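Quick notes on the structure that follows.
The values are calculated or read from the model by the stated rules, or taken from the named source; none is laboratory data. Given the structure is predicted, the values throughout are model-derived calculations rather than measurements. Cβ atoms come from the backbone with ideal geometry, glycine included; neighbour counts cover every protein chain shown. We work out accessible area using only protein heavy atoms, side chains counted, and drop any ligands, DNA or RNA first. Shrake-Rupley method; radii C 1.70, N 1.55, O 1.52, S 1.80 Å.
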Amino acid sequence: QINFLKQQEQVDFFIVKEGERAFYNLVTSLAENKFNLHKGYVIPSVHYFDRKTNTPFRNEIAERINDLSEIPSPYLMGMMDEYLDDGFMPIIQTNRGCPFACTFCVEGDFYYQKIKRSSQEKVKDELEYIAKYLLQRIKQGGRADLFISDSNFGMFEQDVVTAKSIQQCQDKYNWPQYIHVTTGKNNKERVLSVAKMVRGALRLSGSVQSLDRDVLSNIKRANVKSEQLAKLAIEGSDLGANTCSEVILGLPGDSRMAYEKSVSSLLEFGFNNVETWTLMLLHGSEMSNLETRKKYNFVTRFRVIPRCFGHWNFKGMTISTGEVEEVVVATNTLPFDDYLHCRRSALLITLF
């Protein structure tokens, strides 16, 4: 971390984990000290390297925000109006965190395992505000989607109340017509109930990542039973919902045979879509640490994320930059040629 901060001279401060409170405290402290970068700020979750004194500051990690309602809503403050005017999709978060410990996911970290929520009043007010603001666009046939960034929507009791608020917006404003969201990994009965309340206007995900027991054990993931997945696919289709299951190729212990068996089972269950992701090594996840890389002999490559690159002019300079991710293309159980074979299979499944 210190080497990174030394090398990246364009980075003055680096905020670890949750950003809202730490960023507020940082900006407040900077303003109070006339933006002196060499004050020696001791602010939880804020890391930086003072180049003047050659001193690293790696402050302790701040506690998480218990009540997300204390974060002011940029929608209710009118700060997102210009983006809605430009046709961007509104995104809200009703809760934060994930109770599961999947090693490929940053939220698998213990830090994120307790669920923190916004009040139902804030959620309802945001939904109502967005719906009213988009009403004219909807009448003209414009896009009427909503993105919910929760990791397990529909799995908790609070989600039923949120679904009721969405249902009311659908009745009054014909919005949202489609909801982009990751539905809960467990409690499929409640997930189906929530889907019914919003009239199937969401993607019901029964994502398994793999159905191979050894792979699931290696990534600390417990899936729902096959019968529940089949029920989700069938009842979701009956609702007119888009049903989807996801598989990650290249997980520890994965093989061509294990991958093909997982995909075949999911197709037989009746999901509308079975999507294959190449394993990405996300910074901060257990999967990306050196011990895991060595244990499973990860062979990795880097790729530019689609649509996340470009050229920008700033103060007379042309800055060319792109977002890059590291992906696994072979392991001690998945040779590179088998990886390519599985990728070709995934393409055919997506097409047909």
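General observations
- Charge tally around P74: other residues with Cβ under 13 Å, Lys/Arg +1 each, Asp/Glu -1 each, net -4.
- Listed by chain and number, the lysines whose C-alpha is less than 25 Å from the C-alpha of K231, apart from same-chain residues fewer than 8 away, are K164, K185, K188, K196, K220, K261.
- 18 Å reach of a label modelled at D214, 7 Å along Cα-to-Cβ, counting backbone N of region 259-280: 259-263
- Estimated FRET transfer efficiency (N186, Q1; beta-carbon r; R0 30 Å; 0.05): 0.30
- Qualifying lysines (Cα of each under 30 Å from Cα of K34; at least 8 residues distant if same chain): K6, K17, K52, K315
- Cα coordinate range in the chain, projected on the principal axes (Å, largest first): 63, 56, 40
- The chain - share of DSSP beta bridges that are antiparallel (%, nearest 5): 55 percent
- Partners for K39 among aspartates and glutamates (Cα-Cα distance below 15 Å; same-chain residues under 8 apart left out): D12, D50
- Theoretical ellipticity at 222 nm over the chain - DSSP helices of four or more residues, -39500 (n - 2.57) apiece, nearest 500: -11000 deg cm²/dmol
- Area of T333 that stays accessible when all protein chains are in place (1.4 Å probe, Å², to 10): 60 Å²
- Given +1 at the Cβ of Lys and Arg, -1 at the Cβ of Asp and Glu and no other charges, the dipole of the chain around its Cα centre is 260 debye to the nearest 20.
- Highest mean first, the peptides 284-297, 246-259 sorted by other C-beta atoms within 10 Å per residue fall in the order 246-259, 284-297.
- A straight chain from V11 to I65 at 0.36 nm per residue would run longer than the Cα-Cα distance by 16.9 nm.
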